[in-house]
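Asker: The structure under discussion is supplied below as structure tokens; questions concerning it will follow.
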Amino acid sequence: MKHPKPHLFSFLSFYQKPLFSNPISLMAQTQIRTIRSDPPQNDNSNDDDALLCSKPQQNQEEQSSSQVDDTPSSIGSPGRYFSWESRVERAWAHWAKLGRPKLIVAPMVDNSELPFRMLCRKFGAEAAYTPMLHSRIFTENEKYRNEEFTTCKEDRPLFVQFCANDPDVLLEAARRVEPYCDYVDINLGCPQRIARRGYYGAFLMDNLPLVKSLVEKLALNLNVPVSCKIRVFPNLQDTIKYAKMLEGAGCSLLAVHGRTRDEKDGKRFRADWNAIKAVKNALGIPVLANGNIRHMEDVQNCLEETGADGVLSAESLLENPALFAGFRTADWVGDNEKDNIEGKLDQAELLVEYLKICERYPVPWRMIRSHVHKMLGDWFRIQPHVREDLNSQSRLTFEFLYNLVDQLRELGVRIPLYQKDTSAAGSSAEDVAI
């Protein structure tokens with residue numbers, strides 16, 4: 001189906017300023033709601049990696065025992081219009097209520113699932129996004145819902161991200177998750193071919209009236225705030241107008257990836273922090289920065305240079321989930337950084353922590369397999385036969401994966417993570433507790 005591509009900002013001068021609907025308060029809930037979830041693009045019922053990493057009966061029992069009242073307690077009523085100043089004030093009040101988190105796990109398809117989010121939270125992350133959920137499949141497919149989206153009481157603050165191109169379908173999906181999150185997020189930044197084929201993500205930048213309608217639909221009808229994640233246009237002024245349009249449509253928090261839709265390779269293209277700074281200066285709502293975050297020095301530099309209210313990290317966290325705790329991989333220890341020393345932590349230990357969390361919160365094996373490859377990639381390059389053994393397994397088990405880590409250790413493989421030497425401040429590296 002072909003979609004019209006109107007002139008970029010032909011409608012912006014006259015947009016309405018709808019409601020920022022009041023956020024709900026769920027932080028005091030004492031019960032856990034777990035909605036089993038993983039994002040299969042299709043039903044791979046014969047694929048062992050698509051199976052959950054626990055017995056289906058156990059999952060069903062956990063679900064039935066963790067049901068809570070789905071009715072949110074709202075401070076206000078959606079469907080009414082507020083002034084721009086009032087909506088901005090409410091946006092900041094909600095952000096402050098969440099503790100103004102600065103260190104945030106970015107949304108990653110198949111990779112920012114509950115166990116990984118909880119691992120990153122253990123090592124310093126202050127908020128997190130779910131993987132991108134497909135709004136239409138989420139509304140239509142119970143299996144997809146039960147596998148793709150899992151959460152727990154400790155998994156907050158939480159952004160639940162959807163891709164969509166139909167406002168009514170998006171709203172139906174969002175209503176299912178709003179009692180269990182702090183923002184419903186709209187993915188307006190995915191640049192991959194699947195997003196082009198599905199007509200969502202960054203490819204909606206060609207149809208801004210549709211984008212506006214998606215944001216307005218949620219802002220007028222949900223009891224939690226709406227957030228958006230975007231990429232920048234090649235032209236800075238187009239980016240600023242785009243951001244202002246989203247704010248006017250009811251977006252209460254904007255995450256800006258500082259690369260364009262065509263700049264997919266983060267290793268080839270540096271994110272434009274100046275563009276993020278310009279957006280931050282132009283808006284009244286909180287703004288998050290995404291791009292070029294590889295270690296904590298990048299976090300500090302980005303916050304200073306952009307003025308953003310927080311940062312998102314994706315690829316770097318996959319290799320090093322302890323990034324926000326001050327650890328970095330050897331790739332990011334420069335020759336002139338002599339104050340970085342070997343820390344008391346490595347990726348194998350992080351993987352073991354992750355597997356333990358997966359045993360508590362089951363997810364599809366394909367997600368676990370992906371994280372094993374990401375965290376142990378450098379280790380496998382030293383001992384490729386261990387990786388081949390992993391790849392030959394059509395069905396994984398926790399026993400096999402724990403034994404795989406033991407095998408690497410027995411082979412003498414250890415690639416440490418690094419951290420700042422704090423001995424000058426009166427403590428040795430051995431005194432640093434994680």
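Asker: Can you find a residue that is crowded, with 24+ Cβ neighbours inside 10 Å, modelled with pLDDT of 95 or more, touching a helix residue (DSSP H, G or I) at 6+ places or on another chain (Cβ under 9 Å) and not in a loop (DSSP other than H, G, I, E, B) anywhere in segment 190-201?
Answerer: no
Asker: All but one of (1) among the small types (G, A, S); (2) more than 17 Å from A202 (Cβ to Cβ); (3) crowded, with 23+ Cβ neighbours inside 10 Å hold for A282; state the number of the condition that does not hold.
Answerer: The failed condition is (3).
Asker: Quick check: is even one residue across segment 382-395 more than 30 Å from the chain's Cα centre (by Cα), at pLDDT below 90 and more than 17 Å from E342 (Cβ to Cβ)?
Answerer: Within segment 382-395, not a single residue is more than 30 Å from the chain's Cα centre (by Cα), at pLDDT below 90 and more than 17 Å from E342 (Cβ to Cβ).
Asker: Something else: Looking only at residues that are part of a helix (DSSP H, G or I) and among the small types (G, A, S) in segment 343-402, which one is most open to solvent (accessible area, probe 1.4 Å)?
Answerer: S370
Asker: Tell me, yes or no, whether segment 245-266 has at least one residue that is assigned to a helix (DSSP H, G or I) and more than 26 Å from R90 (Cβ to Cβ). Give the derivation first.
Answerer: Taking segment 245-266 first, the residues assigned to a helix (DSSP H, G or I) are 245-249.
Still in the running and more than 26 Å from R90 (Cβ to Cβ): none.
The answer is no, given that none of the residues of segment 245-266 is assigned to a helix (DSSP H, G or I) and more than 26 Å from R90 (Cβ to Cβ).
Asker: Continuing with the same structure: List, please: which pairs have Cβ atoms under 7 Å, are six or more places apart or on different chains, and start with a residue in segment 316-332 that is without any contact (Cβ under 8 Å) to a residue 60 or more places away in the chain and end with one that is hydroxyl-bearing (S, T, Y)?
Answerer: E319/T329
Asker: Is segment 322-331 home to any residue that is at positive phi and open to solvent by less than 50 Å² (accessible area, probe 1.4 Å)?
Answerer: Just the residues of segment 322-331 that are at positive phi, to begin with: 326.
Then drop every residue that is not open to solvent by less than 50 Å² (accessible area, probe 1.4 Å), which leaves 326.
Within segment 322-331, one or more residues are at positive phi and open to solvent by less than 50 Å² (accessible area, probe 1.4 Å).
Asker: V287 - would you say it is within 20 Å of the chain's Cα centre (by Cα), open to solvent by less than 10 Å² (accessible area, probe 1.4 Å) and modelled with pLDDT of 95 or more? Spell out how you get there, then give the answer.
Answerer: Working: within 20 Å of the chain's Cα centre (by Cα): yes; open to solvent by less than 10 Å² (accessible area, probe 1.4 Å): yes; modelled with pLDDT of 95 or more: yes.
Taking the combined requirement at face value, the residue satisfies it.
Asker: Right, another one. Mind checking which pairs have a first residue in segment 84-104 that is in contact (Cβ under 8 Å) with a residue 24 or more places away in the chain and of a type in the set (K, R) and a second that is part of a helix (DSSP H, G or I) and open to solvent by 80 Å² or more (accessible area, probe 1.4 Å), Cβ under 9 Å, 6 or more apart or different chains?
Answerer: From residues that are in contact (Cβ under 8 Å) with a residue 24 or more places away in the chain and of a type in the set (K, R), there are no pairs.
Asker: If you don't mind, there's one more thing I want to ask. Among what's in segment 126-143 and is open to solvent by less than 10 Å² (accessible area, probe 1.4 Å) and more than 10 Å from the chain's Cα centre (by Cα), pick the residue that is nearest to V211 (Cα to Cα).
Answerer: Result: S135.
Asker: Any chance segment 173-188 includes a residue that's open to solvent by 20 Å² or more (accessible area, probe 1.4 Å), over 23 Å from L303 (Cα atoms) and not basic (K, R)?
Answerer: Initial filter on segment 173-188 (open to solvent by 20 Å² or more (accessible area, probe 1.4 Å)): 175-176.
From the residues that got through so far, the ones that are over 23 Å from L303 (Cα atoms) too are 175-176.
If we keep only those that are not basic (K, R) too, we end up with none.
Among the residues of segment 173-188, not one is open to solvent by 20 Å² or more (accessible area, probe 1.4 Å), over 23 Å from L303 (Cα atoms) and not basic (K, R), which makes the answer no.
Asker: May I pose another question? So which residues in segment 271-292 are in contact with an Asp or Glu (Cβ under 9 Å, 6 or more places away or on another chain), under 23 Å from L98 (Cβ atoms) and either outside any helix (DSSP H, G or I) or without any contact (Cβ under 8 Å) to a residue 24 or more places away in the chain (or both)?
Answerer: L283, G284, I285, P286, V287, L288, A289, G291
Asker: I'd like the residue in segment 152-163 that is surrounded by fewer than 24 Cβ atoms within 10 Å (Cβ to Cβ) and touching a residue at least 60 places away in the same chain (Cβ under 8 Å) and, out of all such residues, is nearest to the chain's Cα centre (by Cα).
Answerer: Among residues in segment 152-163 that are surrounded by fewer than 24 Cβ atoms within 10 Å (Cβ to Cβ) and touching a residue at least 60 places away in the same chain (Cβ under 8 Å), the one nearest to the chain's Cα centre (by Cα) is R156.
Asker: So, in segment 101-129, of the ones that are out of contact with any Lys or Arg (no Cβ under 8 Å at 6 or more places or on another chain) and β-branched (V, I, T), which residue ends up farthest from N290 (Cα to Cα)?
Answerer: Result: V109.
Asker: Take A429 and decide whether it is open to solvent by less than 40 Å² (accessible area, probe 1.4 Å), at pLDDT 95 or above and not β-branched (V, I, T).
Answerer: When the stated conditions are applied, A429 does not pass them.
The values are calculated or read from the model by the stated rules, or taken from the named source; none is laboratory data. Quick caveat: nothing in here was measured; it's all calculated off a predicted structure. Don't worry about glycine lacking a Cβ; one is built from the backbone with ideal geometry, like all the others, and counts go over all protein chains shown. The protein model used for the area step is the full one, side chains on, heavy atoms only, and it has no ligands, DNA or RNA in it. Shrake-Rupley method; radii C 1.70, N 1.55, O 1.52, S 1.80 Å.
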